[in-house]
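Have a look at the structure below, then the notes.
The values are calculated or read from the model by the stated rules, or taken from the named source; none is laboratory data. In this text the structure is predicted, and so the values were computed from the model without any measurement. No Cβ is skipped: glycine too gets one built from the backbone with ideal geometry, and neighbour counts run over all protein chains shown.
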Amino acid sequence: MGTALALALFAAPSCAEQAQNPICTSIRASQSTPNTVKITWTVPKDARMKAGALLLFRSDSPLNSLDGLEPRAELPSFADSFHDKIEKYGDYYYAVAVKEEGGGAFPLLVPESNVTVKPVRLRKTEVAAQNMGAGKTYEDGQMRERPLPFIDMFDLEFDFSEKKGNISAETTEIARELAGIYADKRVVLAPHVFDEDLMSSASGDDYFLFEILKDHFIKKDYKKSEEKLLSFLAVNRPRQIAERATFYLGEARYFSGDYKGAIESFLQVGETRSALARKWIDSSLDLYKISD
């Protein structure tokens, strides 16, 4: 028994060793969108089993202690990033700590290891309008017109040929009413994404939608995107998430050359996202070979 106790004491790390080895290392924080901060860190594989969960903290002043702070988020031990939506502009510091059995955070903070030293500074900025034709404004909740800003390493290029087919007179009439007068020049639109889907959620329906976009839509596998989105929509989802998924379904069909299917999808969200739906229906009609 004495030998076993001696071996256990020998194997256990000292307090000094623990203080120099927080589970999370290499923490970084940077602004990813005008009101979002992306925080990343590293968790060694052999340390993930030691931590039941991680706690993320945020402060508007340098973090020297976690006393009195409420966690901004609780994350699984394998998590290595988080997107933090900011309600007001200012300077922000972040820390990631291990959640102890009692529910509190292990108080160890090591600069630039599991706590940021330099703040992320979010400021209001004035962006010069680009010459994109007629200017448009968007109501809250509508998707902004921007090239897909999903993952920086992807540079999307498109080369679509016209697809021939027939579209019913009724669908054409409804679509034209919603789209209004459309341009004569046939222009293929760039992919668009909702702000809510620029980041990965820890779990839930948002997470599954994000995975479909990341694994298939971004990689221009539009047939697989359509298949996955149809399966996703076959299950009852919250209204806003279902609307976004339906719009992505329309985009997947649009980029596959199924303009009739795309119009049908865009029509489903036309009531709540009329300005955006008009634009995509307009382009779908332009690219579609309408029979006489």
_Elements of type helices (runs of 4 or more DSSP H) in segment 183-292, at least 2 residues being closer than 30 Å to residue 39 by Cα_ = 204-212, 222-233, 239-256
_Of everything in segment 227-245, what is touching an Asp or Glu at 6+ places or on another chain (Cβ under 7 Å) and either of a type outside the set (A, V, I, L, M, F, W, C) or not assigned by TED's automatic domain parsing to the domain that holds residue 208 (or both)? Give them in sequence order._
237, 238, 244
*Just one of the numbered conditions (1) touching a Leu at 6+ places or on another chain (Cβ under 8 Å); (2) modelled with pLDDT under 90 is not true of residue 272; which one?*
(1)
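Just need a number here: residues in segment 234-248 that are in contact (Cβ under 8 Å) with a residue 24 or more places away in the chain and of a type outside the set (Phe, Trp, Tyr). Spell out the reasoning first.
Looking only at segment 234-248, we keep the residues that are in contact (Cβ under 8 Å) with a residue 24 or more places away in the chain, and these are 237-238, 240-241, 243-245, 247-248.
Now drop any that are not of a type outside the set (Phe, Trp, Tyr), which leaves 237-238, 240-241, 243-245.
Final tally of qualifying residues: 7.
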